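Reviewing the structure listed below.
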Ligand code: NAD
Ligand code: DAU
């Protein structure tokens, strides 16, 4: 059994679906169902006996302790976070609360549980912390990609909070011996990404003939990693990663934001041409820049590739075509988010799991 946090979000849900299609090992998903958590992402496994869902907060030490005692997982995989840079600029406090204090409380509960384990379970236990390349700051145009030895230079409240959480994970390894692993990955894309992030937002706006807002000159560079490749990498790190180490994960697809938006437009022109025949690119609108906008991220993945034999397998051209197709096939998914229906349905359907938590804690 593994315990996963934040499994109703974009990457956590992709991980859960991949996990249950590759193994019979059960999983318990602890998710608070913030605005970013959507149980519909996991509709296909909700009745699977290997899958257990609990609505709760990583910062609620009693709930986490009771789940660890009840399910006795061999690993904790920590995805839960506030994840959107723009939101961190308008409201940094929630990022400190969830990403820093929440992670610290989760670490503390995991440590207390780990100390109850006897060998060999204690030696086999892992706490895998999912983090970001943004902790390394911004690169110049010709600089080499981030290695695990790069200095931490976070520039946004979001990346500062993730950097702080990485430091706490490191401290729990160094001070208390908790068997931790950390991953720092680049921008993920793929199905079920919340439509506040670049790719789904652009697809949604284009489909509704709304302006496609490119921040500043659009020449900022990101390294795009398909979420399924990312999940394969996480499984490799969980299985074979060296305890206490961190691993950078990238897609080997460095692209400017403009190039990404143009690729979306090209795909939409083929898959869903506009009624008047105009290209979708005519909707692109340059808007004011994001404050403190990092110019370039790039990943040197030689550590995970050399040590664990992981390499990305989905080329961006194919991955973005599939992603555009997924959003075209799931317009109801986006619509339920835009209308707010997904929140109302989660509140209705998961009061039972909240009751379970209340009983477990009592
Ligand atoms: P997301 O915003 O889509 O999902 C976050 C999930 O965490 C949601 O289901 C939400 O309900 C849950 N959550 C939030 N606060 C919680 C709390 N206090 N207790 C329990 N659950 C809580 O995020 P994502 O894009 O899937 O990212 C997952 C992880 O990967 C995050 O840690 C993020 O920092 C990291 N990451 C994301 C990317 C990316 O491109 N999306 C890249 C690098 C790293
Ligand atoms: O690098 C990894 C990070 O990638 C993760 O840690 C974060 O959780 C994830 O949100 C993502 O952060 P970004 O800020 O890079 O992603 P976002 O999709 O918000 O923006 C991608 C780029 O596109 C960025 O340069 C800002 C730009 N952008 C974004 C939006 C939403 C626009 O130009 N217009 C937009 O409307």
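Consider region 1-13 and keep the residues that are within 14 Å of ligand 2 (Cβ to nearest atom) and in a helix (DSSP H, G or I). The one that is surrounded by the fewest Cβ atoms within 10 Å (Cβ to Cβ) is 11.
Listed here are the residues, each with its yes/no results for (1) modelled with pLDDT under 95; (2) more than 28 Å from residue 35 (Cβ to Cβ).
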site	(1), (2)
304	no, yes
308	no, yes
317	no, yes
322	no, no
330	no, no
339	yes, no
343	yes, no
346	yes, no
350	yes, no
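In region 130-166, which residues are more than 13 Å from ligand 1 (Cβ to nearest atom) and buried (at least 21 other Cβ atoms within 10 Å of the Cβ)? Outline the logic, then answer.
We begin by selecting, within region 130-166, every residue more than 13 Å from ligand 1 (Cβ to nearest atom); these are 137-145, 147-153, 155.
Scanning region 130-166 gives a single hit, 145.
Restricted to region 167-215, and to residues there that are away from ligand 2 (no atom under 16 Å from the Cβ) and part of a strand (DSSP E or B), the residue that is surrounded by the most Cβ atoms within 10 Å (Cβ to Cβ) is 180. In region 72-83, of all residues being away from ligand 1 (no atom under 12 Å from the Cβ) and in a loop (DSSP other than H, G, I, E, B), the one that is surrounded by the fewest Cβ atoms within 10 Å (Cβ to Cβ) corresponds to 72.
When you look at residue 127, is it near ligand 1 (Cβ under 10 Å from one of its atoms), under 30 Å from residue 222 (Cα atoms), touching a residue at least 40 places away in the same chain (Cβ under 8 Å) and touching a strand residue (DSSP E or B) at 6+ places or on another chain (Cβ under 8 Å), yes or no?
Against the criterion (near ligand 1 (Cβ under 10 Å from one of its atoms), under 30 Å from residue 222 (Cα atoms), touching a residue at least 40 places away in the same chain (Cβ under 8 Å) and touching a strand residue (DSSP E or B) at 6+ places or on another chain (Cβ under 8 Å)), residue 127 does not qualify.
Contact map, region 312-326: first residue at positive phi, second residue in a helix (DSSP H, G or I), Cβ cut-off under 7 Å, separation 6 or more or different chains; the map is empty.
I'd like the residue in region 216-232 that is touching a helix residue (DSSP H, G or I) at 6+ places or on another chain (Cβ under 6 Å) and assigned to a helix (DSSP H, G or I) and, out of all such residues, is surrounded by the most Cβ atoms within 10 Å (Cβ to Cβ).
The initial filter retains those residues of region 216-232 that are touching a helix residue (DSSP H, G or I) at 6+ places or on another chain (Cβ under 6 Å), namely 218, 220, 224, 226-227, 231.
With the extra rule that they be assigned to a helix (DSSP H, G or I), the set shrinks to 227, 231.
Values: 227: 24, 231: 22.
Checked region 216-232; the qualifying residue surrounded by the most Cβ atoms within 10 Å (Cβ to Cβ) is 227.
Among the residues making up region 140-164, those that are in contact with a strand residue (DSSP E or B) (Cβ under 7 Å, 6 or more places away or on another chain) and within 12 Å of ligand 2 (Cβ to nearest atom) are 146, 159, 162.
Taking region 14-32 as the range and being within 19 Å of residue 193 (Cβ to Cβ) and either out of contact with any helix residue (DSSP H, G or I) (no Cβ under 8 Å at 6 or more places or on another chain) or part of a helix (DSSP H, G or I) (or both) as the test, the residues that pass are 14, 15, 16, 17, 18, 19, 32. Among the residues of region 84-105, some residue qualifies, meaning at least one is outside any helix (DSSP H, G or I), at pLDDT 95 or above, within 14 Å of ligand 1 (Cβ to nearest atom) and within 17 Å of the chain's Cα centre (by Cα). For the residues 292, 277, the requirement of being surrounded by fewer than 19 Cβ atoms within 10 Å (Cβ to Cβ) and over 22 Å from residue 188 (Cα atoms) singles out 277. When residue 137 is tested against (1) at positive phi; (2) more than 20 Å from the chain's Cα centre (by Cα), just one condition goes unmet, and that condition is (2). Inspection of region 19-28 finds a residue satisfying the criterion of being away from ligand 2 (no atom under 16 Å from the Cβ), over 23 Å from residue 326 (Cα atoms) and crowded, with 19+ Cβ neighbours inside 10 Å. For region 33-71, which positions are free of Cβ contacts under 8 Å to residues at least 24 places away in the same chain and outside any loop (DSSP other than H, G, I, E, B)? The one that is free of Cβ contacts under 8 Å to residues at least 24 places away in the same chain and outside any loop (DSSP other than H, G, I, E, B): 43.
The values are calculated or read from the model by the stated rules, or taken from the named source; none is laboratory data. Keep in mind that what you see is a predicted model, and the values were worked out from it rather than measured. Every residue, glycine among them, receives a Cβ derived from its backbone with ideal geometry; neighbour counts consider all protein chains shown.
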